[in-house]
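Let me begin by presenting the structure, written as structure tokens, before commenting on it.
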Amino acid sequence: MTDDKIIQLFFQRKEVAIEETHKKYGSYCFKIANNILNNKEDSEECLNDTWLKAWDSIPPTRPIHFNLFLAKIVRNFAINKYRSKHTHKRGKGEIVLVLDELEECITGQSDVETLYIAEELQNTINKFVRGLSERDGNVFIRRYFYADSIKDISNLYHISENNVRVMLSRTRNKLRIRLEKEGYI
């Protein structure tokens with residue numbers, strides 16, 4: 001079933017919309033959550049929360065890219081669940097590494113400042129990623145949006161793990177410079 005037909009089912013408030021969404025995007029969304037949480041039960045809970053959030057959001061929202069709409073929802077649920085479970089201790093999941101790697105680009109902001117400029121920062125990062133080469137942009141997104149491991153990215157793009165690390169390091173440095181120029185750091 002096409003995304004447009006599924007979205008139309010949401011607009012018609014037909015519960016089959018959730019079933020069709022799960023059939024088409026269940027494994028995709030589960031992988032995103034599980035990359036962050038590394039826990040089957042928690043990932044499945046995030047999946048169920050995602051379907052409910054989609055149900056509550058459509059209508060009035062009509063997503064242009066349904067898969068990205070769902071990815072963003074499940075990712076946010078997974079990160080929130082991860083943070084709530086690891087408030088006082090650091091886990092061994094990939095998300096710790098991902099957040100640590102990105103932290104070097106955006107340190108120096110308090111929580112209040114970060115919240116205040118979040119939308120502008122998001123726009124700047126989106127423009128930055130769109131300005132990268134296709135492969136560099138895809139590697140950056142796979143690592144920092146989908147929380148894919150270095151090994152998975154290496155296998156996907158048929159490059160060495162070291163090459164992936166170097167590429168990500170250079171991209172983070174470019175991002176840090178861009179954020180400094182724009183006054184975020």
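The values are calculated or read from the model by the stated rules, or taken from the named source; none is laboratory data. Computed from a prediction, not measured in an experiment: that's the story for all the values here. Neighbour counts are summed over all protein chains in view; Cβ atoms, including those assigned to glycine, are modelled from backbone coordinates with ideal geometry. Ligands, DNA and RNA are stripped out before the accessible areas are found, and what is left, the full protein with its side chains, is counted by its heavy atoms. Shrake-Rupley method; radii C 1.70, N 1.55, O 1.52, S 1.80 Å.
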Quick shape check on region 3-85: root eigenvalues a ≥ b ≥ c of the Cα gyration tensor, a/c under 1.5 is rounded, otherwise prolate if a/b tops b/c, else oblate, and it reads prolate
Reported to the nearest 10 Å², THR2 has, with a 1.4 Å probe, an accessible area equal to 70
Filtering GluC sites (Glu not before Pro) in region 1-79 by DSSP loop and by at most 16 other Cβ atoms within 10 Å leaves GLU15
